[in-house]
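Let me begin by presenting the structure, written as structure tokens, before commenting on it.
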Amino acid sequence: MSKSILIAGNWKMNKTWLETQEFIETIHQNKIVNETKAHVAICIPFPYLLSAKNTLLESPIKIGAQNVSNKEKGAYTGEVSASQLKSIAVDYVIIGHSERRSYYGETDALVNEKIKITLQNNLIPIFCIGETLAEREEEREFDVVRNQIEFGLADIKADELANVVIAYEPVWAIGTGKTATSAQAQEIHQFIRSLIAELYSKDVAKGILILYGGSMNAGNARELLSQPDINGGLIGGASLQVSDFVSIIEQAGG
Ligand code: PGA
């Protein structure tokens, strides 16, 4: 596979510390993961980041957080800053996940602030966008995605965008077992790439990684990843078992 691929696991609020250690030790030794051409990341709960990073220092597996503060530092109880994540060598940060947008009221403006502060601290944001079921039923998916991109990436320059990963995650496909068909996903991915070309340039659009997320699993990954504008996956449920996750990585890197 010649295109660059990123397979990122999103554990959400799952796993105890013991389960985490077991997962990390197992995947660390895995031959397929150590030899794949795909880029691999696991986005895990905050308390486990430092230890996971230390175990995986020599590994190709990168570490990601699932959220970050929009503030630099100071009196923001409960928040974790981008510079704190950088100081423990975290690589990626998921920003604007639909669960954060819907359960914690994150707006496009807040998402934009988080992307900016993440980039300022030399971390790679995985910027999530995607329409709800109602929006798709009203045939508004292209407008929704356009808005999320225009507001989410406001004031972000072309050279900064080279360090942003976009994840298209139709909300109706997240955790539901209902995947977008490869044709539905490709259609939106192509639209996102053409929008980036319009807002930035063809070169920037060509280089940007656009991941698909929403019930991607070992059974459907190959088909989704074979689409020309799909550069990888953001994987929730199927990233929790080493065997499932490795199977997706194997399909991505072959
Ligand atoms: P899922 O989650 O793979 O369990 O659908 C994907 C995500 O929310 O990032």
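Taken together, the values in this text are just the output of simple stated rules run on the coordinates, not laboratory data. Note that the coordinates shown come from a computational prediction; the quantities given were computed from them, not determined experimentally. Cβ: placed from backbone, ideal geometry, glycine included. Neighbour counts: every protein chain shown.
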Gain in span if fully extended, GLU198 to LYS71, counting 0.36 nm per residue against the direct Cα distance: 42.7 nm
Length-normalised contact order of region 1-132 in % [C-alpha pairs under 8 Å, at least 6 apart]: 21 percent
Cα-based equivalent ellipsoid, the chain: semi-axes from gyration tensor eigenvalues, Å: 25, 23, 17
Gain on full stretching of the segment that runs from PHE151 to HIS28 - 0.36 nm per residue minus C-alpha separation: 40.5 nm
CD proxy at 222 nm, helix term only [per DSSP H run n ≥ 4: -39500 (n - 2.57); per residue of the chain; nearest 500]: -12000 deg cm²/dmol
Reciprocal of mean inverse Cα separation for region 1-46 (Kirkwood radius, Å): 11.9 Å
Region 6-238: relative contact order in percent, alpha carbon pairs under 8 Å with at least 6 residues between: 18 percent
Alpha carbon centroid spacing (whole Å) that separates region 1-69 from region 128-192: 24 Å
Projected area, mean over directions - region 155-254, Cα convex hull, nm²: 6.6 nm²
Selection from GLY152, ILE166, GLN251, by position along the positive dipole direction of region 139-254 (Cβ): GLN251
Charge sum, other residues only, whose C-beta stays under 15 Å from GLU72's C-beta, Lys/Arg counted +1 and Asp/Glu -1: +3
Length gained when the stretch SER87-GLU160 is fully extended (0.36 nm per residue, less Cα-Cα span): 24.2 nm
Lysines with Cα under 30 Å of LYS202, excluding same-chain neighbours fewer than 8 positions away: LYS3, LYS37, LYS62, LYS114, LYS116, LYS157
Dipole magnitude of the chain about its Cα centre (Cβ charges: Lys, Arg +1; Asp, Glu -1), debye to nearest 20: 540 debye
Dimensionless Rg ratio for region 25-94, taking C-alpha atoms and the 2.2 N^0.38 Å reference: 1.22
Of the DSSP H helices in the chain, those whose Cα atoms cover at least 24 Å axially and whose Kyte score averages 1.6 or more: none
